[in-house]
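Taking it in order: structure first as structure tokens, then the write-up.
The values are calculated or read from the model by the stated rules, or taken from the named source; none is laboratory data. Fair warning: this is a prediction, and the values are worked out from it, not measured in the lab. Note: ideal-geometry Cβ built from the backbone for every residue, glycine included; neighbour counts use all protein chains shown. Remember, those area values only see protein heavy atoms, side chains included, never the ligands or the DNA or RNA. Shrake-Rupley method; radii C 1.70, N 1.55, O 1.52, S 1.80 Å.
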Amino acid sequence: MQIRTTDVLIIGGGLAGERCAIEAATAGHDVTLLSLVPPRRSHSCAAQGGMQAALGNCVKAEGDEPTIHFLDTVRGSDWGADQEVATIFAHEAPIAVRELAHWGVPWTRVRPGRNTYFVKGEKVEIDEPEDKAGLIMHRDFGGTAKWRACYASAGTGHAVLYAVDGEVVRLGINVQDRVEAMSLIHDAGRCWGAVARCLRTGSLTVWLAKSTVVATGGHGRIYGQYTTNATINEGTGATLALETGVVPLGNMEAVQFHPTGLVPSGILVTEGCRGDGGYLLNRDGERFMVAAEPEKQELASRDVGSRHMMNEIKQGRGVESDFGPHLWLDLRHLGETHLRTKLREVWDICKDFNGVDPSKEPIPVRPIQHYSMGGIRVNKDGEAYGLRGLFAVGEAACWDLHGFNRLGGNSLAETVVAGRVVGQRVAEFTAKASLTVDTSVAHSFLMDAQKRLALWLDRPTVGDDVYKIRDAMGEVLNQKVGVFRNGPELESAVADLRVIQQRIANVGLRSQAGGLNPELTAALRIEGMTKLALITAEGALARTESRGAHSRTDCPTRDDSRWLNRTLARWSSEENAAELRYEPVGLLDLPPGDRGYGKSAQEPMNESVEQHNERVVEGMRDEGYLPTVEPMGSRMQWGAWQGHEKTPMRPERNEY
């Protein structure tokens, strides 16, 4: 067998994985990065609108600071976030963004003097001060009290990814693309690397490492065609962790639907469009969000906006089309110059995929699966529950910055912030570790992978179609585990998904090639994808409340007395079923309250914040939380939010 060694093995070549790799390599470690695609083709490249960091550089961002960013993030999460992680993130984001500028990201900059913006549908002129000239500019995003999103036109992800990848190249980090990890190598509570398959030749390689990091992105493709995610986002990292039988996945029922997916392709149309003043219109040309959310209007959080949009469609005010009803995103009033500069990628997407000139025609949109708040459960150092030496970062992880709803721009920022923070911990862990693993352990996992491949390649050439199974899974999730959920439909989804899972035994492969074989690759992934789909549906069925993006019409109340917790799912190979358990949501600094948008009923906690916090440490350790370098709660800034909690969500336009 082919065995290769490295200090740090990173699985996933997007922003989170590459930023983590930079941190480890800078500390002097030998780093190897495995990626399904060349890193500059990773899904991070698709991020458009911006990256949240409280720099406070423009007039509409005046007074912004990390504590206000923390407040927005916790409120946005509907109190599902780990508040210590949110604190770390908010304070580290400005550092990460300025570092990216040093690496060459061409941030849009403040232009001093008179500037024209659209605020709450009104055209306003604001004088930006001369002393802010050339600083990183901000745009408005949903769910924030201040303009905070730092951006590079509408190609922020593209610009950041190329800059970060440039650093990876400069440091000489070993990047192996067209490679997929098939399993994690672990023994006695310790991870030692992975078995990887070359997508070009089909050959298997054992990678042994002192530290292993999963950074494979989200799993949105379990929703089939009903997602903005790239075709590579099929949950390979989450499956790797799940198959250990030790590491849990956190909050898999927390699925975000972006309000503006382009119809019919489902390509993302950035929130930056609405941040820059775009309108949402129904078939009658009405701005329905003004009445639905008078304070936030089009810039309510994504979960709230998606629900209002689906209500418009359900009530017959959608625009009928060959691809189902949709609504309109109107950017015409912004003008061609603005669209071709600050929203250039949106201009190109509309022209290339729909033949629409957004300066003259509205854009057809409707909510679509976009982001997975759930993932591999890790502690604040990024280390996975129950398995030393395994870390996860980015969308693949449940760090848990986002809780039950992510604010726009927080995930792109998370990739580089968590990459820095977790990368430092990986480097420290690796420096103290030694690679003392018995090769018989690696050989055992290699044999399992070879057997799995052989079983698939021995399948008959006729039988059920793996692509049809994948599409059927997506249809079930889209129809029954969508923006709105209810008990009967979730029960039906679970039953349907179990039938779909059983169909895998009858799949036939038309191609028997062991190397370059997309059908084989799809077959190897489908088992894990159906497990992720089942866990998502079962978690949603079990959680009898509405919180953030998890909205149940039969349980419309956010129930802090019973559900102020985090779902943990492990897969039982003996039962071939998910096991759901729960841990406390984490230490509370900001008590649960009203979000300031998205009207909802709330059942209050049945204990004090102090009583809750007393049981957090033990409750999380019981579920596999591993010790961290600094004690739990050491990064909290207790009470710093007091005095900021009434920060207006948006200054009134007559101030200008």
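Results, tabulated for the structure shown:
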{"item": "Which numbered condition ALA442 misses (of (1) part of a helix (DSSP H, G or I); (2) open to solvent by less than 20 Å² (accessible area, probe 1.4 Å); (3) closer than 30 Å to GLN256 by Cβ)", "result": "(3)"}
{"item": "Check on HIS258, farther than 30 Å from LEU100 by Cα and either open to solvent by less than 10 Å² (accessible area, probe 1.4 Å) or in contact (Cβ under 8 Å) with a residue 12 or more places away in the chain (or both)", "result": "no"}
{"item": "Matching residues in segment 136-158 - criterion: being assigned to a strand (DSSP E or B) and under 22 Å from the mean Cα position of the chain (by Cα)", "result": "HIS138, ARG139, ALA149, CYS150"}
{"item": "For THR536: the one exception among (1) touching a helix residue (DSSP H, G or I) at 6+ places or on another chain (Cβ under 8 Å); (2) polar (S, T, N, Q); (3) open to solvent by 30 Å² or more (accessible area, probe 1.4 Å)", "result": "(3)"}
{"item": "Residue check, ALA194 over 21 Å from the mean Cα position of the chain (by Cα) and either modelled with pLDDT under 95 or hydroxyl-bearing (Ser, Thr, Tyr) (or both)", "result": "no"}
{"item": "Those residues of segment 26-37 which are open to solvent by less than 40 Å² (accessible area, probe 1.4 Å) and more than 15 Å from VAL393 (Cβ to Cβ), in sequence order", "result": "HIS29, THR32, LEU36, VAL37"}
{"item": "The lone exception for LEU401 - which of (1) open to solvent by 10 Å² or more (accessible area, probe 1.4 Å); (2) modelled with pLDDT of 95 or more it fails", "result": "(1)"}
{"item": "Enumeration of residues in segment 617-647 that are polar (S, T, N, Q) and open to solvent by less than 50 Å² (accessible area, probe 1.4 Å)", "result": "THR628, THR647"}
{"item": "Subset of segment 197-232 [under 26 Å from the mean Cα position of the chain (by Cα) and either among the charged types (D, E, K, R) or at positive phi (or both)]", "result": "ARG197, GLY217, ARG221, GLY224"}
{"item": "Number of positions in segment 58-78 that are touching a strand residue (DSSP E or B) at 6+ places or on another chain (Cβ under 9 Å) and either surrounded by fewer than 20 Cβ atoms within 10 Å (Cβ to Cβ) or among the acidic types (Asp, Glu) (or both)", "result": "4"}
{"item": "Contacts under 7 angstrom Cβ, first residue in segment 439-465 being touching a residue at least 12 places away in the same chain (Cβ under 8 Å) and farther than 10 Å from LEU509 by Cβ, partner open to solvent by less than 80 Å² (accessible area, probe 1.4 Å) and polar (S, T, N, Q), 6 or more apart", "result": "PHE445/SER183; ASP448/SER183; ALA449/SER183"}
